[in-house]
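First the structure, in the form of structure tokens, and then the observations on it.
The values are calculated or read from the model by the stated rules, or taken from the named source; none is laboratory data. Since we're looking at a predicted model, the values are computed, not measured. FYI the Cβ positions are ideal-geometry reconstructions off the backbone, even for glycines, and counts take in every protein chain you see. Accessible surface areas use protein heavy atoms only, side chains included; no ligands, DNA or RNA. Shrake-Rupley method; radii C 1.70, N 1.55, O 1.52, S 1.80 Å.
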Amino acid sequence: MDKNFDPKATEDAIYRMWETGGFFAPNKSSQAKPFTIIMPPPNANDPLHIGHAMFITIEDILIRYHRMKGESTLWLPGTDHAGIETQFVFEKKLAKQDKSRFNFDRETLYKMIWDYVQENSGVAIDQMKKLGASADWSTFKFTLDPDIVARVLETFIKLHKDNLVYRGQKLINYCTKCGTGYSELEVEHVEETTKLYFIKYGPFVLATTRPETKFADTAVAVNPNDKRYKSYIGQEIEVMGLLGTFKLKVIADDYVDPEFGTGVVKITPYHDFNDFDVWQRHIDEIPAPKQVIDKQGKLTSIAGKYAGMKIKAAREMIEKDLGEKGLLAKPSEAYTHNVGVCYRCKTVLEPLPLTQFFIKTKPLVEGALRALDTGETKILGAGQDKILRHWLTNIRDWNISRQIVWGIRIPVWYNIKGHEQRAWLSFLDKEGKQQQGTLAQYLNEFGFDHIKKNLQQIDVGTWSEGNNPDWVVSVTEPSEDGLWIQETDTFDTWFSSGQWPVVTLQTNGAAVFEKFYPTSVMETGYDILPIWVMRMMLLGIYVTGKSPFTTVYLHGLVRDEKGQKMSKSKGNVINPLDMVDKYGADAIRIALVMSSTPGQDKAVGENTIRGMRNFSNKIWNAARFVYMEKQHAEATDAPGIEDNNFMKKLDETVHSITQLLNALRVGLAAETVHNEFWHWYCDVAIEQRKRKEISLQALETGLTTFLTLLHPFMPFVTEEIWGKFVNDGRSPLIISSWPENKNV
RNA sequence: GGACACGUAGCUCAGUGGUAGAGCGCUGCAUUCACAUUGCAGAUGUCGGGGGUUCGAACCCCUCCGUGUCCACCA
């Protein structure tokens, strides 16, 4: 027997033994009560990072503990198609081949991404196995599996029937680079220092950071109580601009802060959220809005000679021209404010008027709040309960339309007949070249079938009142006469993952759903509380009437040794698989959870992991000592004078670990078992044994008990020892019974 | 501007009403003893400051200071 434990030589074989033994499947006994965790599905296309290792570890600890307690334990794994991220990565790949999404029709592009993801999808799963994840792989689901898609569509149809879906034109945060709009939860806010311009505007001077949108101004607003401008309210003013003079109405709105800038604000409803709201409040006073920036981030034809220019270039040129025309009242000032950027590519988002599908969220909130009030669902994680309530009470309608192909296509069909002139679309012609325009332009030349088959995107826009296209919700093409085209937008990825606990169980069979829903613990990072956990509650309760989980355990972010955020640019990223390779899976597992606490970030460095590698070696050597003692033991094992104290202490340890795990205090449980094993069992008890103060039998009981207690945290080394010389040839540790404490 | 956290050993963090803890680091001693991926001994703490409740507070309450994160429409 080697002096050191060698994880590399043993871990894979142990995992295979567990897997082929079928030990990950739930206990079939009818008396066993269920314990369920649905795994947060990682991006199918990405290798695991340290944050994944964190959730794998915590969930596996809970799963192994409950399995050893004899419960019918299901850990259902899966992966997510991660719409925007994956399409973005794929497009970068295309760019390297001098291609873009515009070179392909929708269907072809989807298939290419599908194949690309298939190539990579095994990686994350293998990595989870390396970390020891005892998930039931037979229940595995991918968010684009046909059975999952069918369920997700069903939910949408139900929402529509219940009048909880609407199609509406709103201002949407749109990424001109990724080519899609978002919901407000996906917008990241970053501080930006920009110029605040002071522009002569008729009789006023106004302060703006965005002179390039002034071509779309439809009003000027002042504060109703601002004495300086009171006489102008309700009047029209004449403004000399870069493209000539025009007239605008002056309106009064409380939103204008008289203290800021000059107290005069231009109103550009289609390019600013506040202005949009002002327009809504003064809809009778302000004429129809104008759009000056398009989806490509370029200025539209209303910008005259600036049309076609990118925002940044246009702004610079406009600044110059304003200066030359003497329209700048004074030099610009540096101004720091927050702007929304794309969480994926960090491009500054443009507020643009888009027609999208929305889910009415307010009617769904009540059930979620009730679940929190009654304790049906408990949130673990410093203060996160209150944060969730805050989100729930301030929720907005959910924009679920995404202008990408990598996702579940929205099951909505438009009848374009009679609206051919207004249906904008892009498709590939017979030479594979992109054509863009209205259906009316191309219908005769290419025929409807060709256009449909080679379609990239359709935008049927918003018709004026009473002149809307028919749209019907249907999974298949409607049979009625007409020119039917399916919406090209896909669902927000979070719309499918928001149903994850429900649909993964349902698609594993009605009996599985019946038994394991609602699930026991949802374990994930606090950073996705609103974007994911909240939505799972909303949709889960909506579909099933029950909150999808009893407890939400929100782990913290993993940071580096100094508590710094890990990032590629800082070069402080720890790859969990490298650490497994170097120190063993057990070491990184316990390093991640020991002394961690829900909702609080966790600092982990290689030193920490090395220290825990030493701990797994310590376990190994303690076992080795017991084994050697047995070799030299005499036939009769005399009781030791410390036996009673030893057993009592052992029992207390079992008790406290059990209590801690029941209370989901995983970090403290790990710390306790580590300390008791090392500093009591090894440092005290084994030394007592050397002086013959405790019996070999007591020492052996101690070892087997500790192997059981340690197993959820460090499954490999404990299983290896168990199989090798504690329980040779008998059932493996993974399905051994959790010790009962008798005397405490 | 608001919300939520956090401030405990050199560093990173547990502990959350009853004599201050862990990991990593540091100092000294120990080497054929299960393990040097070790053991023993040790140093470093007014548990952010102040006030209150209590027989007793790192822990509960108030307040101040500092840090972080998220949210928010000041162009």
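Quick notes on this one:
- Of all aspartates and glutamates in the structure, the ones whose alpha carbon falls short of 15 Å from that of residue A:325, not counting any fewer than 8 places away in one chain, are A:316.
- Whole-Å semi-axes of segment A:664-744's equivalent ellipsoid (Cα gyration tensor): 20, 18, 12
- Positive-end residue of A:74, A:538, A:124, charge dipole of chain A with Cβ unit charges: A:124
- Against chain A, whose longest principal axis is taken from its Cα atoms, helix A:83-96 shows a tilt of about 80°.
- Whole-angstrom Cα spans of segment A:588-709 along principal axes, big to small: 53, 29, 18
- Number of Lys pairs (Cα under 22 Å; 8 or more positions apart or on different chains) in segment A:194-289: 18
- Distances between placed amide hydrogens fall under 5 Å for residue A:602 paired with A:557, A:558, A:559, all partners being 5 or more residues away or on another chain.
- Evaluating 6.51 cos²θ - 1.76 cosθ + 1.60 at θ = phi - 60° for every residue in segment A:344-351, the Karplus couplings come out as 8, 10, 6, 5, 5, 7, 9, x Hz, glycine and proline recorded as x.
- Segment A:233-325: radius of gyration over Cα atoms, expressed as a fraction of 2.2 N^0.38 Å: 1.17
- Computed on the Cα trace of segment A:40-122, the radius of gyration divided by the Kirkwood hydrodynamic radius gives Rg/Rh = 1.17.
- Long pairs among A:362/A:417; A:170/A:310; A:310/A:433; A:141/A:378; A:568/A:602; A:346/A:546, criterion Cα-Cα beyond 28 Å: A:362/A:417; A:346/A:546
- FRET efficiency for residue A:725 and residue A:561, using Cβ-Cβ distance with R0 set to 45 Å, rounded to 0.05: 0.80
- Size of charge dipole - segment A:594-697 - debye, nearest 20, with Cβ of Lys, Arg +1 and Asp, Glu -1, no other charges: 280
- DSSP beta bridges fully contained in segment A:148-261 are about 75 percent antiparallel.
- A viscosity of 0.692 mPa s and a temperature of 37 °C, combined with the Kirkwood radius over Cα pairs in Stokes-Einstein, give a translational diffusion coefficient for chain A of 111 µm²/s.
- Heavy atoms of residue A:569 accessible to a 1.4 Å probe, total area in Å² rounded to 10: 110
- Residue A:16 accessible area, 1.4 Å probe, all protein chains in place, Å² to nearest 10: 140
- Measuring how big segment A:571-653 is from its alpha-carbon positions, Rg and Dmax come out at 18.6, 60 Å.
- Beta bridges by DSSP in chain A, antiparallel share as percent, to the nearest 5: 75
- Karplus-based coupling profile of segment A:156-170, in residue order and whole Hz: 4, 5, 5, 4, 5, 4, 7, 6, 10, 10, 9, 10, x, 9, 9, with θ = phi - 60° in 6.51 cos²θ - 1.76 cosθ + 1.60 and x standing for Gly or Pro.
- Accessible area (Å², per residue) of chain A, counting only protein heavy atoms and a probe of 1.4 Å: 43
- Equivalent ellipsoid semi-axes - Cα gyration tensor, segment A:64-163, angstrom: 32, 23, 9
- Applying Stokes-Einstein at 37 °C and 0.692 mPa s to the Kirkwood radius of segment A:77-225, computed over alpha-carbon pairs, gives a translational diffusion coefficient of 158 µm² s⁻¹.
- Each Cα pair under 8 Å and six or more residues apart adds its separation to the average, and for chain A the resulting relative contact order is 16 percent.
- With R₀ fixed at 51 Å, the C-beta to C-beta distance from residue A:230 to residue A:187 puts the FRET efficiency at about 0.90.
- Distances between every pair of Cα atoms in segment A:317-367, grouped in 10 Å steps from 0 to the bin holding the largest one, split as 16, 20, 32, 17, 10, 5, 0 percent.
- Accessible carbon and sulfur surface of chain A relative to its total accessible area, %, 1.4 Å: 48
- Equivalent-ellipsoid semi-axes for segment A:374-488 (Cα gyration tensor, √(5λ), whole Å, largest first): 40, 17, 13.
- Ordering of A:386-393, A:352-359 by packing is A:352-359, A:386-393, highest average first (other Cβ atoms within 10 Å, averaged per residue).
- Taking amide H atoms as placed 1.01 Å from N in the peptide plane, the amide H of residue A:251 lies under 5 Å from those of A:220, A:221, A:222, A:234, each 5 or more residues away in sequence or on another chain.
- Solvent-accessible surface ranking, highest first, for A:422, A:64, A:613, A:167 at 1.4 angstrom: A:422, A:613, A:167, A:64
- Computed from backbone phi, the HN-Hα couplings of segment A:31-46 come to 7, 5, 7, x, 9, 10, 10, 9, 6, x, x, x, 4, 4, 9, 10 Hz, rounded to whole numbers (Karplus: 6.51 cos²θ - 1.76 cosθ + 1.60, θ = phi - 60°; Gly and Pro given as x).
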